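Visitor: Below is the structure I would like to discuss, written out as structure tokens.
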Amino acid sequence: MPPQIENSLYELVRNRRARPITREGVAEVLQEEGYEVAVAADGREGVERFNAFQPHLVITDLQMPRLNGRGVITHIQNIAPATPIIVFTADVVVDAQRKAQDLGITGYINKPLEFTTLLDQIAKVF
């Protein structure tokens, strides 16, 4: 059975054809690649889904309502520190990547999304 992925993306991303898609679009691409995917609309829902499903990998944005990505990462690191986390964001703060890496993430991808980059990051985990 393919790994389960918790996808806590909130902002719009772009697919291979550079047309706007939502987090559900990213989930669809990952499902086409054979992954089981659970989607959350914001950080708090992402934490709730993580607690319920205990996925093998988390993909999260840094900028989300109700609980930002740093809060999501901290929660996951506290209860399941071995869980790989890929941050996928348009955060333009100069040291956003360093701060995320300091939290122990596995990968960091800047938006707009290139699906090959995301799939490469996932392949490194599995």
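The values are calculated or read from the model by the stated rules, or taken from the named source; none is laboratory data. Quick caveat: nothing in here was measured; it's all calculated off a predicted structure. Cβ sites come from the backbone with ideal geometry, for glycine too, and all protein chains shown count toward neighbours.
Visitor: I'd like the full set of residues that are more than 14 Å from residue 63 (Cβ to Cβ) and of a type in the set (Asp, Glu), limited to the stretch 83-112.
Guide: Answer for the stretch 83-112, where residues must be more than 14 Å from residue 63 (Cβ to Cβ) and of a type in the set (Asp, Glu): 95, 102.
Visitor: Let me ask something else. Look through the stretch 100-123, keep the residues that are among the charged types (D, E, K, R) and modelled with pLDDT of 85 or more, and return whichever of them is farthest from the chain's Cα centre (by Cα).
Guide: 102
Visitor: Are there any pairs, at least 6 apart or on different chains, whose C-beta atoms fall under 8 Å, with the first in the stretch 19-43 and surrounded by fewer than 18 Cβ atoms within 10 Å (Cβ to Cβ) and in a loop (DSSP other than H, G, I, E, B) and the second of a type in the set (Lys, Arg) and modelled with pLDDT under 90, and if so, which?
Guide: Listed by first residue and then by second, the contacts come to 41/23.
Visitor: Being out of contact with any Leu (no Cβ under 8 Å at 6 or more places or on another chain) and in contact (Cβ under 8 Å) with a residue 24 or more places away in the chain is the filter here, so list the residues in the stretch 76-87 that pass it.
Guide: 76, 79, 80
Visitor: Under the condition of being in contact (Cβ under 8 Å) with a residue 24 or more places away in the chain and either surrounded by 16 or more Cβ atoms within 10 Å (Cβ to Cβ) or closer than 16 Å to residue 47 by Cα (or both), which residue from the stretch 88-98 is nearest to the chain's Cα centre (by Cα)?
Guide: Among them, the one singled out is 88.
Visitor: Condition first: touching a Gly at 6+ places or on another chain (Cβ under 6 Å), not polar (S, T, N, Q) and not in a helix (DSSP H, G or I). Now tell me which residues in the stretch 55-84 satisfy that.
Guide: Those that are touching a Gly at 6+ places or on another chain (Cβ under 6 Å), not polar (S, T, N, Q) and not in a helix (DSSP H, G or I): 61, 62, 64, 66, 67.
Visitor: Determine which single condition residue 52 fails, assuming it passes every other condition in (1) aliphatic (A, V, I, L, M); (2) part of a loop (DSSP other than H, G, I, E, B); (3) surrounded by fewer than 17 Cβ atoms within 10 Å (Cβ to Cβ).
Guide: The single condition residue 52 does not satisfy is (2).
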